[in-house]
Amino acid sequence: MSETELFQAVAAHRWLQSLRLRPNLLTPGMAPEARLVAEERALLDPLNLTGADVLEVGAANGFFSFAARRRGAARVVATDHLAWTLPGADAQSATQWAAHALNLEVETIPLDPRSLSADFGSFHVVLGTAFCEQLFNPIQALRGLRSVTNRVLVLETLQAELADPRPMMTAQNQIMPFGGADGSWISGWAPNPALMLQLLLDLGFNRVLYRTHPTLGTTRGIYAALLPEAPDGLLAGFETPWINMTAPATG
Amino acid sequence: MTLPASRLSDEDLRARMQQFHWWHSMVLRPGVTTFGGKAEELLAQEEEAFLAPFNLTGRTVIDVGAWNGFFSFAAKRRGARRVLATDSYTWTHPSFRGREAFELARDELGLDVEALHLDPTEIDEKVGLFDVVLFIGVFYHLYDPIDALQRLRGITRQLLLVETHQDLMEKPSPGMVFYPGAILNHDATNWWGPNPGLMLHLLLQLGFTRIFYRDHPVLGRARGTYAAFTPEVEAGLIQQLGPPWLDLDVPGAVEDLLARA
């Protein structure tokens, strides 16, 4: 691939994420580079990915999958559903161009997380960003993600009703920039942390850590849910502002 | 069709009835009533509220979560051509023995109502299409009610009738509360409390085009009934949907409803 071909490929795609493919080539994505870099640090800094198998759902253009590979993951599978399959969506092709340009080996598979089962494989780390807000049924999708996780599930999502102690989620529609010239209306949810904790515990995770988004604050939450098979040593990476929602109350 | 009634003596019938835990109070024959957890008078008001607005004559009806079959029997008496009663949890519960209780009541009443062991989480197109789908008192007992509604949409030809516990009535925006453990009414089978905005949102997203709402005839706003119609609904199905039914799929309807607390 020549540099001319690369610049032409970047220009020919509609980008969801701003990926730095060359020092002088940043894909014109909706998600700005600075926010993505801050998210990457929030999501992945607590984990040692060396040699890990990683699955990303809702990968968009693969920013976090590429980051996982750079951080030493042995195998990275990037997947997306709507952004890769709605009519006119070209984000999977864009992701494959980016992987090629970055010389990073990342598998790309269109996937509806609601259809996930153990047959798909087993991953040390499963990562989902912009999670609940793009899913009509996040309960079903969480079950799917659990079925392929063998250590840690990391989720980033829109959230709401933080001040209410009752576990709850609110529904909403939002327009997404794919699936036609005018985009597509997607129906999804904004859970509060109390609900996410309950749903994750019900799925068999026994330690749940939480923090707010590094640049967007309390409008979004990040969760790391550990299965009993994950050693306690993993917790050491989750420094402030992470809080352990499952730690016994003290005092 | 009415089938020949059973020939058990009153004494034998009462002895059979006592083998089961009943939820629906139903008069099986003069002087013999099942005395379930739900009183006869309450059920009569619910039947009037839930079924009287619709002309069931000649329709096909599936009752999802039928338990002892009160609403299945009511639909049959109201002229439904075919009624399929389905349940799983209460029909296989070792104390409730709901299937046996249902069959005893059906045989005693002599009503031609079919029975199928079917969990709402397993419903799919194989069960067939029904003009009317009854989903009374089940939504909030499901851990994943979104999946169940989606499945029910797939078998609804004209009308899905959802009756449910509800919560978050102070919020017009669509939402539902989760109840871990047994915090709602000390019942570990209660999972979710949706509000009217949420039910409207889900039903519209699933492709129902007209949604009507009413409060419970006795319990008020604590429980809501939603009549969700497909685009294929026949005009003759609806007899009357006047007050207290409210057209929920128009702008501001949810806010108006909540203002009338």
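The values are calculated or read from the model by the stated rules, or taken from the named source; none is laboratory data. Because the structure is predicted, anything quoted here is derived from the model rather than measured. Cβ: placed from backbone, ideal geometry, glycine included. Neighbour counts: every protein chain shown.
Total residues in region A:123-148 satisfying the condition of being within 14 Å of another protein chain (Cβ to nearest Cβ) and touching a helix residue (DSSP H, G or I) at 6+ places or on another chain (Cβ under 9 Å): the figure is 13. The residues of region A:102-113 that are among the charged types (D, E, K, R) and surrounded by fewer than 14 Cβ atoms within 10 Å (Cβ to Cβ), listed by number, are A:GLU105, A:GLU107.
Quick one: count up the residues across region A:109-152 that are assigned to a loop (DSSP other than H, G, I, E, B) and either among the acidic types (Asp, Glu) or free of Cβ contacts under 8 Å to residues at least 24 places away in the same chain (or both). Number of matching residues: 2.
For (1) surrounded by fewer than 18 Cβ atoms within 10 Å (Cβ to Cβ); (2) among the charged types (D, E, K, R); (3) within 14 Å of chain A (Cβ to nearest Cβ); (4) touching a strand residue (DSSP E or B) at 6+ places or on another chain (Cβ under 7 Å), each residue gets a yes or a no:
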residue	(1), (2), (3), (4)
B:ALA115	no, no, no, yes
B:ASP131	no, yes, no, yes
B:PHE139	no, no, yes, yes
B:ASP147	no, yes, yes, no
B:LEU159	no, no, no, yes
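Among the residues of region B:3-48, just one is among the hydroxyl-bearing types (Ser, Thr, Tyr), under 20 Å from B:ARG99 (Cα atoms) and at pLDDT below 95, namely B:SER6.
Residues that are modelled with pLDDT of 95 or more, surrounded by 15 or more Cβ atoms within 10 Å (Cβ to Cβ) and not β-branched (Val, Ile, Thr) number at least 3 in the following strands (runs of 3 or more DSSP E) confined to region A:1-101: A:53-57, A:75-80.
If the condition is being touching a Ser or Thr at 6+ places or on another chain (Cβ under 7 Å) and at the interface with chain A (Cβ under 8 Å from one of its Cβ atoms), then region B:161-180 contributes B:SER173, B:PRO174, B:GLY175. Residues of region A:153-168 that are touching a residue at least 24 places away in the same chain (Cβ under 8 Å) and either within 14 Å of chain B (Cβ to nearest Cβ) or among the small types (Gly, Ala, Ser) (or both): A:LEU158, A:GLN159, A:ALA160, A:GLU161, A:LEU162, A:ASP164, A:PRO165, A:ARG166, A:PRO167, A:MET168. For region B:40-85, residues that are over 16 Å from the mean Cα position of the chain (by Cα), outside any helix (DSSP H, G or I) and not β-branched (Val, Ile, Thr) total 6. Just checking, does region B:98-105 include any residue being touching an Asp or Glu at 6+ places or on another chain (Cβ under 7 Å) and over 26 Å from B:GLY31 (Cα atoms)? The answer is no, given that none of the residues of region B:98-105 is touching an Asp or Glu at 6+ places or on another chain (Cβ under 7 Å) and over 26 Å from B:GLY31 (Cα atoms). The single condition among (1) out of contact with any Gly (no Cβ under 7 Å at 6 or more places or on another chain); (2) away from chain B (no Cβ under 14 Å) that A:GLN198 does not satisfy is (2).
Evaluated against (1) more than 9 Å from chain A (Cβ to nearest Cβ); (2) buried (at least 21 other Cβ atoms within 10 Å of the Cβ), B:LEU198 falls short on exactly one condition, (1).
Taken over region A:4-43, the criterion of being among the polar types (S, T, N, Q) and in contact with a helix residue (DSSP H, G or I) (Cβ under 6 Å, 6 or more places away or on another chain) is satisfied by A:GLN17, A:SER18, A:THR27. Among the residues making up region B:80-96, those that are buried (at least 18 other Cβ atoms within 10 Å of the Cβ) and either touching a residue at least 60 places away in the same chain (Cβ under 8 Å) or closer than 13 Å to B:MET17 by Cβ (or both) are B:THR90, B:PHE96.
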